[in-house]
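Colleague: One structure follows; several queries about it will come next.
Values quoted throughout were computed directly from the atomic coordinates according to the rules given, and no laboratory measurement underlies them. The structure presented is a predicted model; accordingly, all values stated were derived computationally and were not measured. Don't worry about glycine lacking a Cβ; one is built from the backbone with ideal geometry, like all the others, and counts go over all protein chains shown.
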Amino acid sequence: MADQFDVIEAGEKGRRRWIGIVVLVAVLAVPVVGLLASRAPEAEPPARPTAHPIPTLTTLTSAPNVLHAKAHAKGADEVIQVVFPHGLRADVRYPAELGLDDLGSRPFVGLWIAGGEFSQYRQLTAPYGGDIEVTRGEKPLRSFTGNVTLWPRPPGAGLVGQVMLFAFGPWRMAMYDRPAGMRFEQRMELATSLKGTVTKDGYLVLKSSGQIRLAAPGDGRRSDPVGPQLLFGGGSSDMLALVPTPGCRLPEVPNAMGMRGRHTESVCMGDFMVAASGSREFVRTAVSKIRITVK
């Protein structure tokens, strides 16, 4: 009997000894595992679901709304061929350090919408970041045509109302309305009367009909040049505006340039205004060295 109890006791003591060893190993393993885990690369976060394609605008891409024309070297300078929104072609020669081909260009033009007691002025701009600046991955409020949609007023946009978004090939052009908005008939007139074609070299040319009148070269509104123009750069980078202006009757810097709060200058070069903002070296070089030749 004593031997039996000895065996039982021995068995209990042995089990406790093994349990103690296992616990000790487990305790020691925790910091080791933690140390190894801290050196291991972090696991990839789970992929976020992508938004569904926007109805009637399934061809939209996430690429920025900027055309990077190919430049050709000419001595220490570079030359790019440009096409303004009204179809005028020109060669732009500039010192290579300005890098206009890298900055890329976007079209801009003002327009008037007739109807009622007076015409309403609006602007057509190419959002620098593309359609996402307008859509924010949501669905449109209304589709006017296969390439024109209406989007909500941007949050915190102040005096800006709803946005009409036009799709012309790869280009996205936005018309930011006033808070009061326009009548449905005026929006339909704009959607159906404004046409855009893309040249072989990627530039957007706009035409209007009916009660829609695009601003012509030299047109201004409250001293702001609103005729067809090309904007290079944007965001936080250096920026350049080339504005066809017969006789340079409106030498003022476009509002879009002056509101950036950076050093800005402009100069008349024949029938063009050249306005630049950004670093002083960029501005000085742009207004003194750029040359434009109509083709």
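Colleague: Restricting attention to the alpha-carbon atoms of the stretch 231-295, what are Rg (one decimal) and Dmax (integer), both in Å?
Modeller: 11.1, 34
Colleague: I want to check the label-to-label distance for Ile132 and Asp224. Put each point 7 Å from Cα in the C-beta direction and report it in nm to one decimal.
Modeller: 2.7 nm
Colleague: Still on this structure, I have one more. Using each residue's phi in the stretch 128-145, evaluate 6.51 cos²θ - 1.76 cosθ + 1.60 at θ = phi - 60° and report the 3J(HN,Hα) Karplus result to the nearest Hz, with x for Gly and Pro.
Modeller: Karplus values, whole Hz, x for Gly and Pro: 4, x, x, 4, 4, 5, 9, 7, 6, x, 9, 9, x, 6, 7, 10, 7, 9.
Colleague: If you stretched the chain out fully between Val198 and Arg89, how much longer would it get, using 0.36 nm times the residue separation minus the C-alpha to C-alpha distance?
Modeller: 37.9 nm
Colleague: Further question: Exactly which chymotrypsin sites (Phe, Trp or Tyr not before Pro) in the stretch 61-159 are in a DSSP loop and have at most 15 other Cβ atoms within 10 Å?
Modeller: Passing both the DSSP loop test and the Cβ count: Phe118.
Colleague: Right, next: Residue by residue, what Karplus-based ³J(HN,Hα) values in Hz, rounded to whole numbers, does the stretch 66-74 have, using 6.51, -1.76 and 1.60 with θ = phi - 60° and x for Gly and Pro?
Modeller: 9, 9, 9, 6, 6, 8, 10, 6, 9
Colleague: Going down the list Lys207/Lys289; Lys139/Lys207; Lys207/Lys295; Lys195/Lys295; Lys74/Lys195, which pairs span over 30 Å between their C-alpha atoms?
Modeller: Going by Cα-Cα distance, Lys207/Lys289; Lys74/Lys195 fall outside the 30 Å limit.
Colleague: Then there is this: Counting only residues 5 or more places away or on other chains, whose amide H sits under 5 Å from the amide H of Met269 once H atoms are built in the peptide plane?
Modeller: Val274
Colleague: Relative contact order for the stretch 103-143: what percent, with Cα pairs under 8 Å and sequence separation of 6 or more?
Modeller: Relative contact order for the stretch 103-143 comes out at 30 percent.
Colleague: Once amide H atoms are built 1.01 Å from N in the peptide plane, which residues 5 or more positions from Gly220, or in another chain, come under 5 Å H to H?
Modeller: Under 5 Å from the amide H of Gly220: Val226.
Colleague: So, one more: Is the shape of the stretch 109-261 best called rounded, prolate or oblate, per the rule: a/c under 1.5 gives rounded, else a/b larger than b/c gives prolate, else oblate, with a ≥ b ≥ c the square roots of the Cα gyration tensor eigenvalues?
Modeller: Here the stretch 109-261 falls in the rounded category.
Colleague: Hey, another quick one. Tabulate in residue order the Karplus-calculated ³J(HN,Hα) for the stretch 242-247, using 6.51 cos²θ - 1.76 cosθ + 1.60 with θ = phi - 60°, rounded to whole Hz; enter x for Gly and Pro.
Modeller: Couplings: 10, 10, x, 9, x, x Hz.
Colleague: If R₀ is 35 angstrom, what is the calculated FRET efficiency for the pair Arg178 and Ser236, using the beta carbon separation as r and rounding to 0.05?
Modeller: 0.80
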